[in-house]
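For reference, the structure discussed in these notes is given below.
The values are calculated or read from the model by the stated rules, or taken from the named source; none is laboratory data. On a predicted model such as this, the values are computed, not experimentally measured, just so you know. All Cβ positions, even for glycine, are placed from backbone atoms using ideal geometry, and neighbour counts span all protein chains on display. SASA here: full protein model, heavy atoms, side chains in, ligands and nucleic acids out. Shrake-Rupley method; radii C 1.70, N 1.55, O 1.52, S 1.80 Å.
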Amino acid sequence: GQMRKSGEPFIIHPVEVALLLAGLKMDAETVMAGLLHDTVEDTDLTFAEVEAIFGHVVRSIVEGETKVSKLPKLAFSDYADEQAENLRQMFVAMTDDYRIIIVKLADRLHNMRTLRHMKPEKQIKISRETLDIFAPLAHRMGIWQFKSELEDTAFMYLYPHEYKKLNRRLRVHQTKLRETLDQSQEVLRKTLEGDPTLRGKASVQVSGRTKELYSLWHKMNSKGVQNLDHIVDVVALRVILTPNKSAEEAEKGNEADRGVWLCYHVLGLVQHLPGFQPMPTRVKDYISFPKPNGYQSLHTALMLNGQTIEVQIRTSSMHQVAEYGMASHWAYTDSKKRTNADTGLYNTPWLSSIKEWQDDMVCSRDFVDSVRSELLGKRVFVFLRNGKI
């Protein structure tokens, strides 16, 4: 019978969180944990009862997520050491099973979608936490869909004037951007469809997109650029290759390696696309040198009618990781390899390094400093004299 601030029945929120997790193709335990993530905090249900009914895995994710839910309250704590210790517990809980953080990110994303029902000061506080902690976490986990929506929604509440101004500017340019995107997409698709090397070896999908608002605003600010034409990836084309599986390759099995050479072949075709000016200095090879969150792709850029177009080339398995990040490791792992004993599915090298720091460091502040610099990238957190962060 509980209601949310929006006036909706309370059950709507956990159901939406579970749907987001199902959309990431997470396993049944994670989706169940999404449904149950608030039950221990908000009802009389205990962790022991959750375990008895739904099993140990669901209990551990719900318990870990409950620890993580302390995090937003920490930014306003009076005691830095207590704050650091709670953060330490959260990060350590995450190293046991990264699904805890994925549930938390789904929880935060649905809360951001319904933020309009909160008071303005609460909107700003929650949006600041989202931009400082949860969006970088989604980025570090590689869950692009969550990251971009978390950033754009927080941007709208934190910087309403800049958000509206940039939105207006994009709308003014929209016709030109759309024409450029449609024209370049058509030329690229015809070129790839007519290529004899690709024919019979892979199916090719070409799509286009415009850059997310917060990401665009952040790039313009950091580079000191105000002209949209000078931003390389305002519009981008994406080429996704799905290699045809021969019987021999199917036996060898390594999904991630299949089609890599075709990506480099397509890069050569893109650089010589008729009617376009190539920008060879803009080539980035994230296939040979993946980003820390597992992202792999070839990036290059072309010029058409004074507008720069970024082109991203990747295989379908790389695209799965690009869109869903660490969540894709579950969805994309061959079912025969999935066993309850295989806990390695839920771990990565950078999560393992957190465990090592946990063993090495006695002081919570040192531990949290290390995790933040490793986990949340370029953001800087400062401990003030009064103990606040």
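Among the criteria (1) touching a Ser or Thr at 6+ places or on another chain (Cβ under 6 Å); (2) closer than 21 Å to Thr242 by Cβ; (3) not basic (Lys, Arg), the one Leu158 does not fulfil is (2). Of a type in the set (Gly, Ala, Ser), part of a helix (DSSP H, G or I) and within 30 Å of Pro243 (Cα to Cα), is that true of Ser184? Considered against the rule, which asks whether it is of a type in the set (Gly, Ala, Ser), part of a helix (DSSP H, G or I) and within 30 Å of Pro243 (Cα to Cα), Ser184 comes out as yes. Taking the criterion of being of a type outside the set (A, V, I, L, M), at pLDDT 90 or above and either in contact with a strand residue (DSSP E or B) (Cβ under 6 Å, 6 or more places away or on another chain) or part of a strand (DSSP E or B) (or both), the residues of region 244-276 that qualify are Cys263, Gln271, Phe276.
The rows are residues; the columns are (1) surrounded by 19 or more Cβ atoms within 10 Å (Cβ to Cβ); (2) modelled with pLDDT under 85.
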| residue | (1), (2) |
| --- | --- |
| Ile53 | no, no |
| Ile61 | yes, no |
| Lys73 | no, yes |
| Tyr98 | yes, yes |
| Lys125 | no, no |
| Phe134 | yes, yes |
| Pro160 | no, no |
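When you check Leu192 against the structure, is it free of Cβ contacts under 8 Å to residues at least 60 places away in the same chain and of a type in the set (A, V, I, L, M, F, W, C), yes or no? No: the conditions fail for Leu192.
Within region 277-287, the residues that satisfy the criterion of being modelled with pLDDT of 90 or more, of a type outside the set (A, V, I, L, M) and open to solvent by less than 70 Å² (accessible area, probe 1.4 Å) are Asp285, Tyr286. Among the residues making up region 217-244, a single one is surrounded by 11 or more Cβ atoms within 10 Å (Cβ to Cβ) and among the small types (Gly, Ala, Ser): Ala236. Checking each residue in region 183-206 for being modelled with pLDDT under 90 and open to solvent by 80 Å² or more (accessible area, probe 1.4 Å) picks out Arg199, Lys201.
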